[in-house]
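The values are calculated or read from the model by the stated rules, or taken from the named source; none is laboratory data. Note that the coordinates shown come from a computational prediction; the quantities given were computed from them, not determined experimentally. Here the Cβ positions follow ideal geometry from the backbone for every residue, glycine too, while neighbour counts run over all protein chains shown.
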Amino acid sequence: MKQYQFWFVVGSQFLYGPEVLDTVAARAAEMAEKLSAVLPYPLVYKVTAKTNREIAQVCKEANYDDSCAGIITWCHTFSPSKMWINGLQDLQKPWCHFATQYNREIPNEEIDMDFMNLNQAAHGDREHGFIGARLRKPRKVIAGFWQDGEVQARIGRWMKAAVGAAVSKSMKVMRFGDNMREVAVTEGDKVEVQAKLGWQVNTWAVGDLVKVMNEVAEAEIDALMETYRESYDFATEDMETVRYQAREEIAMKKMLDAEGCLAFSNTFQDLWGMKQLPGLASQHLMAQGYGYGGEGDWKVSAMTAILKAMGEGGNGASAFMEDYTYHLVKGQEYSLGAHMLEVCPSVAADRPRIEVHPLGIGGREDPARLVFEGKEGDAIVVSLIDMGGRLRLICQDIHCVKPILPMPNLPVARVMWQAEPSLTTGVECWITAGGAHHTVLSYDVTAEQMKDWANMMDIEFVHITKDTTVESLEHDLFLSDLAWKLK
Ligand code: MN
């Protein structure tokens, strides 16, 4: 993973004299250093900005520095915001306005007009906020004392969303074959997606993959089998089948890395020259951070890779998922998510088992796959759909449970959850919004982070929560549709 950092830009002006400006600069450097110790990415103090030129310069530098994933601004003193216009207009990196204050308390004895002139974030940040609103500039506003743990955690989560934006801008997706025939929701305008999200989505022939597979050495397969043994239990004697998955994984990884692709898709309808649909191979690639989408679903593949990157430093648990079937018993209403094979072991509650079973579709040999139960915990599912002319990101709050049934004959990994606001209303909302059957399920990334990410990418965001009703959602979607057409 690339090393990202964020820049701390503090607003001021010449009005107060050099002594105040020196104090502001020293405090800003101190705050950046102390925050860097607790935030997921370094916060680098850049400048106490006093002129239009300084602000324009730091914004330009931020745009051109690949390691800078965003800027965080704050006004220790008053900073007249007309001097921010040129810089902010040109800013192409995510922006967080941190409305904080150096001191926590108003000091009863010490406070005088000098103190007031130095510590006036309360009105400086309002001037700064106005220009963000006036310019209609996407930004995150976080208010609170900079040493509070929850405030720091919120900045940290925003940073991760911004890293998701950076990863998105450099995303390359390798498609092995086309989408599954006749399926609508996995389609999309690749030109629009590249313009909005930065993704380079292109196709490679399955025959070229088979050629690379045939060149994989037995020693390479031996080494990967050893890795499998370290991570998974073998619940099969059929080593040749498992070795074939290793061959597929090695070949796919070589092609992905050669092209700098962080995500890939394939389809069971185009396995030219391959004996097995990649199961274990795709699962173990996902465990290493690559995105994957089945049936040629390149949108969910790229989103999986982005959420994995956003969750870095968490437990890494973001996975390609598919809504499969429901348990509709009153009071026990659950969704069962799985896929034909390809569920990422990062969401496993226990050590996954490698098993070999027949696959009902695709007409190939029995593939090896990892079988496990997903873990408990609060999570989200997200789906990116192409509405024609714009992209919509749908996010739903869910609660994963230990599967309530052992399902001993189900030969795939499975995750079970309760959706908000309830299974049936949640399904009605999801279907009303047009959400796909493919999602990214994440225990790491929050809905607020996905909202922030959608804001950074300038796409529509729909959130299904415990408070959502079908009526309110329909109303919001209607207004949103009009707004996005005007935009
Ligand atoms: Mn599928």
Tell me yes or no: at least one residue of the range 169-182 is surrounded by fewer than 22 Cβ atoms within 10 Å (Cβ to Cβ) and in a strand (DSSP E or B). yes
Considering only residues that are surrounded by fewer than 22 Cβ atoms within 10 Å (Cβ to Cβ) and in a loop (DSSP other than H, G, I, E, B), look in the range 421-435 and name the one that is nearest to the ligand (Cβ to nearest atom). Gly434
Looking at the structure I just gave you, is Arg181 of a type in the set (Lys, Arg) and either out of contact with any strand residue (DSSP E or B) (no Cβ under 7 Å at 6 or more places or on another chain) or at pLDDT below 95 (or both)? yes
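Of the residues Asp452, Asp378, Asp444, Asp476, which single one is among the acidic types (Asp, Glu), assigned to a loop (DSSP other than H, G, I, E, B), touching a strand residue (DSSP E or B) at 6+ places or on another chain (Cβ under 9 Å) and away from the ligand (no atom under 16 Å from the Cβ)?
Values: Asp452 fails: assigned to a loop (DSSP other than H, G, I, E, B); Asp378 fails: assigned to a loop (DSSP other than H, G, I, E, B); Asp476 fails: assigned to a loop (DSSP other than H, G, I, E, B).
Result of the check over Asp452, Asp378, Asp444, Asp476: Asp444.
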Could you list, in sequence order, all residues of the range 394-445 that are at positive phi and not aliphatic (A, V, I, L, M)? Gly434
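Would you confirm whether any residue within the range 128-143 is in a helix (DSSP H, G or I) and in contact (Cβ under 8 Å) with a residue 60 or more places away in the chain? Step through it out loud before you land on a result.
The first filter runs over the range 128-143 and keeps only residues in a helix (DSSP H, G or I), leaving 128-134.
Then drop every residue that is not in contact (Cβ under 8 Å) with a residue 60 or more places away in the chain, which leaves 128.
Yes, because at least one residue in the range 128-143 is in a helix (DSSP H, G or I) and in contact (Cβ under 8 Å) with a residue 60 or more places away in the chain.
Tell me whether the range 214-222 contains one or more residues that are under 27 Å from the mean Cα position of the chain (by Cα) and within 28 Å of Asp297 (Cβ to Cβ).
Within the range 214-222 (the criterion being under 27 Å from the mean Cα position of the chain (by Cα) and within 28 Å of Asp297 (Cβ to Cβ)), the answer is no, since none of the residues qualifies.
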Subset of the range 250-270 (residues that are within 16 Å of the ligand (Cβ to nearest atom) and in a loop (DSSP other than H, G, I, E, B)): Asn266, Thr267, Phe268, Gln269, Asp270
Of the conditions (1) under 23 Å from Asp444 (Cα atoms); (2) assigned to a loop (DSSP other than H, G, I, E, B), Pro408 satisfies every one except a single condition; which number is it? (1)
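Kindly indicate which of Gly273, Gly296 is within 14 Å of the ligand (Cβ to nearest atom) and closer than 24 Å to Pro358 by Cβ.
Working: Gly273 fails: within 14 Å of the ligand (Cβ to nearest atom).
It is Gly296.
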Pairs where the first residue, in the range 438-449, is more than 26 Å from Glu187 (Cβ to Cβ) and the second is among the basic types (Lys, Arg), C-beta under 9 Å, 6+ apart: Tyr443/Lys375; Asp444/Lys160; Asp444/Lys308; Thr446/Arg157; Glu448/Arg154; Glu448/Arg157; Gln449/Arg157; Gln449/Lys160
Over the range 285-329, the set of residues in contact with a His (Cβ under 6 Å, 6 or more places away or on another chain) and part of a strand (DSSP E or B) is Glu322, Asp323
Of the criteria (1) within 16 Å of the ligand (Cβ to nearest atom); (2) touching a Gly at 6+ places or on another chain (Cβ under 8 Å), which one Gly291 fails: (2)
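For the range 128-141, enumerate the residues that are on the phi < 0 side of the Ramachandran plot and surrounded by fewer than 17 Cβ atoms within 10 Å (Cβ to Cβ). Steps first, please.
Taking the range 128-141 and keeping what is on the phi < 0 side of the Ramachandran plot, we get 128-135, 137-141.
Scanning the range 128-141 gives Phe130, Ala133, Arg134, Leu135, Lys137, Pro138, Val141.
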Return the residues of the range 308-344 that are within 16 Å of the ligand (Cβ to nearest atom), within 26 Å of Val242 (Cα to Cα) and among the small types (Gly, Ala, Ser); say none if nothing qualifies. Ala319, Gly337, Ala338
Taking interchain pairs and intrachain pairs at least six residues apart, which have beta carbon atoms under 7 angstrom, with the first residue in the range 462-487 and closer than 13 Å to Met387 by Cα and in contact (Cβ under 8 Å) with a residue 12 or more places away in the chain and the second surrounded by 13 or more Cβ atoms within 10 Å (Cβ to Cβ) and among the acidic types (Asp, Glu)? Ser480/Glu460; Trp484/Glu460
Is at least one residue of the range 351-367 within 16 Å of the ligand (Cβ to nearest atom), charged (D, E, K, R) and not in a strand (DSSP E or B)? no
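From the list Ile459, Ile385, which one is more than 16 Å from the ligand (Cβ to nearest atom), within 20 Å of the chain's Cα centre (by Cα), crowded, with 16+ Cβ neighbours inside 10 Å and among the β-branched types (Val, Ile, Thr)?
Working: Ile385 fails: more than 16 Å from the ligand (Cβ to nearest atom).
Unique residue meeting the criteria: Ile459.
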